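Student: One structure, as C-alpha cells, below. Some questions next.
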Amino acid sequence: MAANNRRMSGKKGAQVGSGGQRRRGLEGKGPTPPAEMRKGHKKNRIATAKAKQTARRPAPRGRGGKGTSEMVVGRNPVVEALREGVPAVTLYVQQFIDNDERVREALQLVGERGGIHLMEAPRPELDRMTNGLNHQGLVLQVPPYEYAHPEDLASAAYDEGEDPLIVALDGVTDPRNLGAVVRSVSAFGGHGVVVPERRAAGMTAGAWKTSAGTAARTPVARATNLTRALEAYKKAGIAVVGLAADGEHEVGELEALHGPVVIVVGSEGKGLSRLVGETCDFRVRIPMPGGAESLNAGVAAGIVLYEAARGRG
C-alpha cells in the first residue's frame, strides 16, 4: 500500500546489509487498493469529505423503536464483527494504514458482503469519531437497531397460529446475555425477546455476535415500562411466569409453560425486581442439585424455554 511505499528508502541500488530489501522489493505490492483508498483519486476525495461530515455529526438518539448508532473500533473487534454478520453501514479505514492480515480480511469481508460503504479518513477524524479510543485505523459503524413493540411479538405468534412464547429480561445489563437469550429463543421456536428501555442491555454489536446470527430472524422489542408491558400481556390472556430461586413451582411441573406464556428472567445478581415479581402469575425455580446459587440469564432462559417447547409437543 501507499504507506509501505513512503517508508522505503529513496536511495538507488543495493545496499550493504540491506537485509533482503531488494528481494522484498521484487515480490510485488499485493492487490490494488479500492479507489476510495488511493490518494488523489476522485473517489478518495469524496470519501474523505464524507468521513469528515460524519465525524462532525452527532450520533442519533434513539426514539420510539430505534436504538443508537454504534462504533466498533480496533482491528480484531472489527474483523470479528464482520465475520459474525453484524449489520454495518460503513467501514472507515485510516489513511496510510499499516497493512496486515486483519486489515486485508476486513476489506475482503466488506467486499464480499456488499452494501457496506468503504471510506478512508485521516487519523484525527477517526480519533474524534471514537472519542480517542485505540481504533488501530479501523472503525465499523453499526446502524441503529430497529426494535419491535411488545404487542407485535404476540400478534406475530397468533398470525402463525401459534401460542406466544416470549422471554422478557428484567435488569439484564450484559449485551452478551441478551445475545445468548435471543439465540435460545430462536433455537426453541420462541417469538421474541422484550427488554426495558432503560438500565438494560440493548442490541449492540456484542449482542449480535453472541446471538450467532439469530438476531436477524428473532425480534427484540423494547418496553418503556416492563411492568406495564407484562400487565398488557396478562390482559391478552398470556401467562407471565417469573424465574426465581425461591419460586413456588418447579420448572418441569408448571402447565402454564405449555400455553401462551411470557418467561421473565431477572439479573444474575439481583433476580427479579419487586414490581416485576409481583406482576408475575407464577414464579418457577430450576432445581440445581449441584448447589449453584444462580445461573446466568442465557443459561436459565434456555432451560425454561426447553421445558416450554417440550410441553408443546
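Student: Six or more apart or on different chains, Cβ under 7 Å: which pairs go from a residue in segment 90-112 that's within 10 Å of Val79 (Cβ to Cβ) to one that's part of a loop (DSSP other than H, G, I, E, B) and at pLDDT below 95? Could you list them?
Tutor: Val103/Ile97
Student: Shifting gears a bit: Can you tell me which condition Ala297 does not meet? The list is (1) in contact with a Gly (Cβ under 9 Å, 6 or more places away or on another chain); (2) open to solvent by less than 20 Å² (accessible area, probe 1.4 Å); (3) farther than 20 Å from Arg183 by Cα, and all the others hold.
Tutor: Going through (1) in contact with a Gly (Cβ under 9 Å, 6 or more places away or on another chain); (2) open to solvent by less than 20 Å² (accessible area, probe 1.4 Å); (3) farther than 20 Å from Arg183 by Cα one by one, Ala297 breaks only (3).
Student: I need a count of the residues in segment 128-150 that are in a helix (DSSP H, G or I) and open to solvent by 50 Å² or more (accessible area, probe 1.4 Å).
Tutor: Within segment 128-150, residues that are in a helix (DSSP H, G or I) and open to solvent by 50 Å² or more (accessible area, probe 1.4 Å) number 1.
Student: Restrict the check to segment 268-277 and report whether at least one residue is over 21 Å from Gly179 (Cα atoms), touching a residue at least 40 places away in the same chain (Cβ under 8 Å) and in contact with a helix residue (DSSP H, G or I) (Cβ under 8 Å, 6 or more places away or on another chain).
Tutor: Yes: segment 268-277 contains one or more residues that are over 21 Å from Gly179 (Cα atoms), touching a residue at least 40 places away in the same chain (Cβ under 8 Å) and in contact with a helix residue (DSSP H, G or I) (Cβ under 8 Å, 6 or more places away or on another chain).
Student: Within segment 72-86, can you find the residues that are over 12 Å from Gln136 (Cβ atoms) and either at pLDDT 95 or above or surrounded by 19 or more Cβ atoms within 10 Å (Cβ to Cβ) (or both)?
Tutor: From segment 72-86, those over 12 Å from Gln136 (Cβ atoms) are 80-86; that's our starting set.
Correct list: Ala81, Leu82, Val86.
Student: Considering segment 260-294 alone, what residues qualify as being buried (at least 16 other Cβ atoms within 10 Å of the Cβ), of a type outside the set (Ser, Thr, Tyr) and assigned to a helix (DSSP H, G or I)?
Tutor: Within segment 260-294, Val276, Gly277 qualify.
Student: Quick test of your reading of the structure: Ala121 fulfils all but one of (1) within 15 Å of Ser69 (Cβ to Cβ); (2) in contact with a Ser or Thr (Cβ under 9 Å, 6 or more places away or on another chain); (3) open to solvent by less than 60 Å² (accessible area, probe 1.4 Å). Name the failing condition by number.
Tutor: (1)
Student: Only one of (1) part of a helix (DSSP H, G or I); (2) in contact with a Ser or Thr (Cβ under 8 Å, 6 or more places away or on another chain); (3) touching a residue at least 40 places away in the same chain (Cβ under 8 Å) is not met by Leu153, so which one is it?
Tutor: The single condition Leu153 does not satisfy is (2).
Student: Another question, if that's okay. Do we have Glu112 as among the acidic types (Asp, Glu) and assigned to a helix (DSSP H, G or I) here? Spell out the reasoning first.
Tutor: Working: among the acidic types (Asp, Glu): yes; assigned to a helix (DSSP H, G or I): yes.
Yes: the conditions hold for Glu112.
Student: Next question, about the same structure. Do we find a residue being under 12 Å from the mean Cα position of the chain (by Cα) and open to solvent by less than 40 Å² (accessible area, probe 1.4 Å) anywhere in segment 152-160?
Tutor: Residues of segment 152-160 under 12 Å from the mean Cα position of the chain (by Cα): none.
For segment 152-160, residues under 12 Å from the mean Cα position of the chain (by Cα) and open to solvent by less than 40 Å² (accessible area, probe 1.4 Å): absent.
The values are calculated or read from the model by the stated rules, or taken from the named source; none is laboratory data. This is a predicted model, so every value here is computed, not measured. Note that each Cβ is placed from the backbone with ideal geometry, even for glycine, and that neighbours are counted across all protein chains shown. Only protein heavy atoms, including side chains, enter the accessible area calculation; ligands, DNA and RNA are left aside. Shrake-Rupley method; radii C 1.70, N 1.55, O 1.52, S 1.80 Å.
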